[in-house]
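Here is the structure we will look at.
What follows is calculated from the coordinates using simple rules that are stated; it is not laboratory data. What you are looking at is a predicted structure, and each value in this text was computed from that prediction instead of being measured. Cβ atoms come from the backbone with ideal geometry, glycine included; neighbour counts cover every protein chain shown.
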Amino acid sequence: MRTLEVRELGRLGYAEALELQQALESERKLAAIGDQFLLLEHPHVLTLGRNGHPENVLVSRDRLEQLGIQYFENNRGGDITYHGPGQIVGYPIVDLREWKRDVVAYVRSVEEVIIRVLARYGVEGSREAGATGVWVKAADGQLAKVCAIGVHLSRWVTTHGFALNWATDLRYFEYIVPCGLTRPVTSLEQLGVSVSREALQRAIVEEFALVFDYEPEAVKAAPALV
């Protein structure tokens with residue numbers, strides 16, 4: 001039976017989270033552990049994916065330091081994005097050889113998880129061709145991104161994942177061109193959804209297990225390891 005160990009880490013620095021992902025990735029490749037699902041929140045940080053464009057950061061490194069925003073480049077897909085308080089970040093570390101050996105199907109399924117979670121709270125999420133992530137219709141009728149997605153695969157084991165704007169201070173997105181797209185971003189809070197972090201994370205785990213075909217008894221809470 002495929003197992004999924006869920007680790008709720010609270011607020012964790014980006015470097016520490018990356019180190020933990022890499023350690024768990026190595027163990028997963030060796031089949032020393034089952035699939036993992038990390039749920040956490042980062043302090044203010046910008047991350048640039050492997051295909052990103054540094055010019056999409058609109059302020060200098062000195063200014064970022066003044067603002068208390070860290071900056072990292074990494075090997076995930078996608079461009080520049082922001083992580084910070086009020087987001088729910090999910091890092092699945094799963095072996096796709098035990099599900100589907102299909103990168104596109106994996107990304108579309110992560111989107112599906114978030115779309116289903118949003119539907120629980122009366123929000124209609126959608127996909128946009130050529131723009132990975134989950135989008136919603138804002139109050140002014142424009143499409144706005146509520147969840148960014150960027151993943152990395154090595155020997156079919158996934159790292160990185162998604163960032164869902166829950167109660168995020170959206171002003172921090174003004175320092176970047178989010179995901180390289182000049183489109184607005186939004187949050188559940190801005191959309192009028194009132195839900196606790198605990199309830200939202202529980203919904204995410206439940207929908208992740210359904211979309212990725214885990215038996216309910218195979219999904220369990222696991223220690224934070226940090």
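Miscellaneous remarks
- Cα-centred dipole magnitude for the chain, charges only on beta-carbon of K, R (+1) and D, E (-1), debye, nearest 20: 280
- Summed side-chain charge close to Leu191 - residues other than Leu191 whose Cβ falls under 14 Å, Lys, Arg +1, Asp, Glu -1: 0
- You can think of it this way: the chain between Ala31 and Glu189 has 52.9 nm of extra reach, that is 0.36 nm per residue less the Cα-Cα gap.
- Unit charges at the beta carbon, dipole of region 4-221: most positive-side option, Val117, Ala105, Gln201: Ala105
- GNM result for the chain, Cα springs below 10 Å: residue of Asn51, Asn165, Asn75 fluctuating most strongly: Asn51
- Considering only Ser60, Tyr91, Leu191, and ranking their Cα positions along the charge dipole of region 4-221 that arises from unit charges at the beta-carbon of Lys, Arg, Asp and Glu, the one farthest toward the positive end is Ser60.
- Considering helices alone, the calculated mean residue ellipticity of the chain at 222 nm is -8000 deg cm²/dmol, with DSSP H runs of length four and up weighted by -39500 (n - 2.57) and normalised per residue.
- Around Val6: net Lys/Arg minus Asp/Glu count, Cβ-Cβ under 12 Å: -1
- Sparse-neighbour loop sites [GluC sites (Glu not before Pro); region 84-145; at most 13 other C-beta within 10 Å; DSSP]: Glu124
- Rounded to the nearest 20 debye, dipole of region 1-111 from Cβ charges on Lys, Arg, Asp, Glu: 280
- Counting beta carbons within 10 Å around each of Asp102, Asp169, Asp140, Asp79 and listing the fewest first gives the order Asp140, Asp102, Asp169, Asp79.
- Computed on region 4-221, with alpha-carbon pairs under 8 angstrom and 6+ residues apart, the relative contact order is 24 percent.
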